Amino acid sequence: MSAIHTVRLCHMYPQLMNIYADRGNIAVFRQRLAWRDMDLEITEIGLGEVIDPGQHDLYYLGGGQDRDQNLVAKDLVANSATLQAAANVGAAQLYVCGGIQLAGHSYVTADGTELAGLGILDLTTEAGQNRLVGDLIIDATVEGTTQRVVGYENHIGRTRLGPSCVPLGKVVSGYGNDGGGRYEGAIFNHVIGTYLHGPLLPKNPWLADLLLGWALEHRYGQDVVLRPLEDTVEARAHDAAIARAGVKR
Amino acid sequence: MLVSATNGKTTTTRLLAAATRAAGYHLTTNAEGSNLERGIATALLKGDKGADLGLFEVDEAALASIAASTRPQVVVLMNLFRDQLDRYGELETLVDKWRDVLDDLEARSEPPTFVLNADDPNIAALGRGRPNVVWFGVDDASQAIGDREHAADATMCRDCGAPLDHRVVLVGHLGHWDCPNCDLTRPTPNVSATKIDLSPQGQKMTLQYPTPAGPPTELTISSPLPGLHNSYNVVAAFAASWALADRTERPQEAHAVARVMAKTKPAFGRGEVIEVDDKRIQLLLAKNPTGVNQNVRTILRSPGKLHVLVLLNDRTADGQDVSWIWDVDWEPLDSRLASLTLGGDRAWDLALRFQYGGFDMDKVKVSPDPAKALDIALAATVAGHTLCALSTYTAMLDLRWVLTQRGYTPAYWSPDA
């Protein structure tokens, strides 16, 4: 018997944008729905393919190497109207690492080339002199709730936010968007961009359920409730990451 | 001779050390030592002044500086896989750096012979059009694994950017490939393994190699090193011995090389087996997704139910970013497991990986403390059986320390280790 509720995920460029274990985020979406007797239906979009407008509740774009990211940037703009429209009607979207850079207006690479982005998040990114690498812990505030979110960052881009989106959270430990150690990520409507990987969602189930809740709401309205899960292992790994960030070996 | 790669440099250097010693060379080498500048400097300072060959395993990020300060005669480059992104950065950047190294070496008054892996598209692109290349590869398509692994990196043509066509996938992105869009294609290997027979105890292979005047000839090599990744190490070492003999006109009988290789056992943590009372522990170093995928395949080749211990640390030598465990294809283990024990500083990250991979978590025990994890894993292992212990570098040192304290194995740095 197939499940009553199904979230339709559009996974953008999984072959090229997968460098920081992005498939872990997808596994979390699938498994956390399965534990609630719900399904995840995945559509993968590759180079030259067009996203079907209005057919997805959740969108995901991960991180890639510079060369692959450049290929994707050129290809992705063909889908920007579809993704913009989805953002406006409340579909959930998650952009990680290279993803947050492509979700903004533009990305200027180390050699000065400017790549146009989707323009869904009001932000711009410029390559810096050195990579920002290490544990990253933030206090994320979404819809009035603040939660500690843990992960790892590894990016050369310096991201600056415009007035129409707010940071995902305040940096507790690490570099964050521009290396200044103040703010991390961006959020607009149900669209989240972040440099946090590790991957992001396994150790931060709150964020996973937030995105899944938005996706279900997009498809079914407010009626579908996600039953709480125990998340014992998640909490232990979350704590280990916090301890790791505080202890410099 | 310099040997570099993401995976296999220690084992290949070890094989080459045995082969060149058998050929009568007097070596200075860092086999099983540090492969950064300081390790090579130490080996040179400590080495015998009468040595007539330097053989060095070189960290892939240190190749440029070490090549710049040495005059290598043979340079063996085997593969580049994604590995410790927090330390090495992106693979593409490393490939670009290696291209500069090869350009520099080729421009010298006495350029080296390059011994290159035809099956790695990135390495093939680096060697294309250069004189003095000996290509090696695996020509046994029956060892193919189907699709490219999730962790495969070199999926696009380095010259034109088109998606590569992989006819045969052997290890990660190593295999038989072509660019459908430009003329970049897998070079025909000069030295290749044409028939490989893998077993839990090691392998046998038929090697084809050139002869000075006539057609290529064949010989059979057996090796106690398990897995197809080790087939590449054996072929690389054989090709490098051949290249050295060819270059120095100091001939070495191929069968003599085969004989010493047959006796060369796994290096530290690369499949070595330690007896623990009525059980055995096989130590498998876990460094990066492609390497662990190979270890998983090696484990699966053992018959019956499996006992597995995985230890994950996140210290500098392990890579501080543990996200790579999500790129490993652990899933084939699930149906074969009798017990799975997880340990190390980031044991709970491993637990999440297996939980979200859909494993039966009733079979899984977690204890970050390596000694306790070892106790749990050994208690779960049936007498007469082998516990397969996969662990990151510093966790492997921890595990060896516990085993040494208990008198099961000498300290790893002692000469008879």
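Of the listed requirements (1) in contact with a helix residue (DSSP H, G or I) (Cβ under 8 Å, 6 or more places away or on another chain); (2) over 20 Å from residue B:120 (Cβ atoms), residue B:80 misses just one: (2).
For the stretch A:189-200, the set of residues classified as buried (at least 19 other Cβ atoms within 10 Å of the Cβ) and either closer than 14 Å to residue A:152 by Cβ or out of contact with any His (no Cβ under 8 Å at 6 or more places or on another chain) (or both) consists of A:191, A:192, A:193, A:194, A:195, A:196, A:197, A:198, A:199, A:200, listed by residue number. What residue, among those in the stretch A:25-54 that are within 14 Å of another protein chain (Cβ to nearest Cβ) and touching a His at 6+ places or on another chain (Cβ under 9 Å), is surrounded by the fewest Cβ atoms within 10 Å (Cβ to Cβ)? The selected residue is A:44.
Of the residues screened, residue B:121 is one that is within 14 Å of chain A (Cβ to nearest Cβ) and touching a strand residue (DSSP E or B) at 6+ places or on another chain (Cβ under 7 Å). Of all the numbered requirements in (1) touching a Gly at 6+ places or on another chain (Cβ under 8 Å); (2) modelled with pLDDT under 95, residue B:369 misses one, and that requirement is (2).
Based on this model, can you work out whether residue A:239 counts as on the phi > 0 side of the Ramachandran plot and either within 12 Å of another protein chain (Cβ to nearest Cβ) or of a type in the set (S, T, N, Q) (or both)? So residue A:239 does not fit the description; no.
Counting only strands (runs of 3 or more DSSP E) wholly contained in the stretch B:80-183, the ones carrying 3 or more residues that are under 22 Å from residue B:2 (Cβ atoms) occupy B:113-117, B:133-138.
Just one residue in the set B:340, B:399, B:350 is surrounded by 18 or more Cβ atoms within 10 Å (Cβ to Cβ) and either more than 23 Å from residue A:238 (Cβ to Cβ) or of a type in the set (D, E, K, R) (or both); that residue is B:399.
Restricted to helices (runs of 4 or more DSSP H) entirely inside the stretch B:195-305, those with at least 2 residues that are over 28 Å from residue B:320 (Cβ atoms) and touching a residue at least 60 places away in the same chain (Cβ under 8 Å) are B:228-248, B:254-262. Against the list (1) closer than 25 Å to residue A:235 by Cβ; (2) surrounded by fewer than 19 Cβ atoms within 10 Å (Cβ to Cβ); (3) not acidic (Asp, Glu), the condition residue B:323 fails is (2). For the stretch A:183-197, the candidate set comprises residues that are hydrophobic (A, V, I, L, M, F, W, C) and more than 14 Å from chain B (Cβ to nearest Cβ); within that set, the residue that is farthest from residue B:324 (Cα to Cα) is A:188. Residues in the stretch A:77-133 that are without any contact (Cβ under 8 Å) to a residue 60 or more places away in the chain, among the aliphatic types (A, V, I, L, M), in a loop (DSSP other than H, G, I, E, B) and surrounded by fewer than 23 Cβ atoms within 10 Å (Cβ to Cβ): A:110 only. Here the condition is being in contact (Cβ under 8 Å) with a residue 60 or more places away in the chain and among the charged types (D, E, K, R); of A:219, A:158, it holds for A:219 alone.
Residues checked against (1) modelled with pLDDT of 95 or more; (2) within 16 Å of the chain's Cα centre (by Cα); (3) of a type in the set (Asp, Glu):
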site: B:68; (1), (2), (3): yes, no, no
site: B:73; (1), (2), (3): yes, no, no
site: B:77; (1), (2), (3): yes, yes, no
site: B:98; (1), (2), (3): yes, no, no
site: B:105; (1), (2), (3): yes, no, no
site: B:119; (1), (2), (3): yes, yes, yes
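If you filter the stretch B:320-341 down to residues that are in contact with a Phe, Trp or Tyr (Cβ under 9 Å, 6 or more places away or on another chain) and more than 10 Å from every other protein chain (Cβ to nearest Cβ), you find that the one that is nearest to residue B:374 (Cα to Cα) is B:340.
Which count do you get for residues in the stretch B:10-40 that are surrounded by fewer than 18 Cβ atoms within 10 Å (Cβ to Cβ) and over 25 Å from residue B:317 (Cα atoms)? Final tally of qualifying residues: 4. Restricting attention to the stretch B:362-380, does a residue exist that is over 15 Å from residue B:399 (Cα atoms), out of contact with any strand residue (DSSP E or B) (no Cβ under 9 Å at 6 or more places or on another chain) and facing another protein chain (nearest Cβ under 8 Å)? No, there is no match, as no residue in the stretch B:362-380 is over 15 Å from residue B:399 (Cα atoms), out of contact with any strand residue (DSSP E or B) (no Cβ under 9 Å at 6 or more places or on another chain) and facing another protein chain (nearest Cβ under 8 Å).
In the condition set (1) modelled with pLDDT under 95; (2) surrounded by fewer than 21 Cβ atoms within 10 Å (Cβ to Cβ), residue B:286 is compliant with all but (2). Using the structure shown, decide if residue A:235 is under 30 Å from residue B:313 (Cβ atoms), surrounded by fewer than 18 Cβ atoms within 10 Å (Cβ to Cβ) and hydrophobic (A, V, I, L, M, F, W, C). Criteria met by residue A:235.
Rundown of residues vs (1) away from chain B (no Cβ under 14 Å); (2) of a type in the set (Gly, Ala, Ser); (3) in a strand (DSSP E or B), yes/no style:
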| site | (1), (2), (3) |
| --- | --- |
| A:172 | yes, no, yes |
| A:181 | yes, yes, no |
| A:199 | no, no, no |
| A:202 | no, no, no |
| A:206 | yes, no, no |
| A:213 | yes, yes, no |
| A:216 | yes, no, no |
| A:227 | yes, no, no |
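Of the residues examined, residue B:149 is not one that is touching a residue at least 24 places away in the same chain (Cβ under 8 Å), over 23 Å from the mean Cα position of the chain (by Cα) and in the same structural domain as residue B:65 (by TED's automatic domain parsing). From the list A:99, A:62, A:112, the lone residue that is touching a strand residue (DSSP E or B) at 6+ places or on another chain (Cβ under 6 Å), more than 14 Å from chain B (Cβ to nearest Cβ) and under 24 Å from residue A:132 (Cβ atoms) is A:99. Scanning the stretch A:49-72 for residues that are within 27 Å of residue A:218 (Cα to Cα) and more than 17 Å from the chain's Cα centre (by Cα) returns A:49, A:50, A:51, A:52, A:53, A:54, A:55. In the stretch B:299-318, the residue that is nearest to the chain's Cα centre (by Cα) out of those that are crowded, with 21+ Cβ neighbours inside 10 Å and not acidic (Asp, Glu) is B:299.
The values are calculated or read from the model by the stated rules, or taken from the named source; none is laboratory data. Keep in mind it's a predicted model, so treat the numbers as computed, not measured. Positions of Cβ are backbone-derived with ideal geometry, glycine not excepted, and every protein chain shown enters the neighbour counts.
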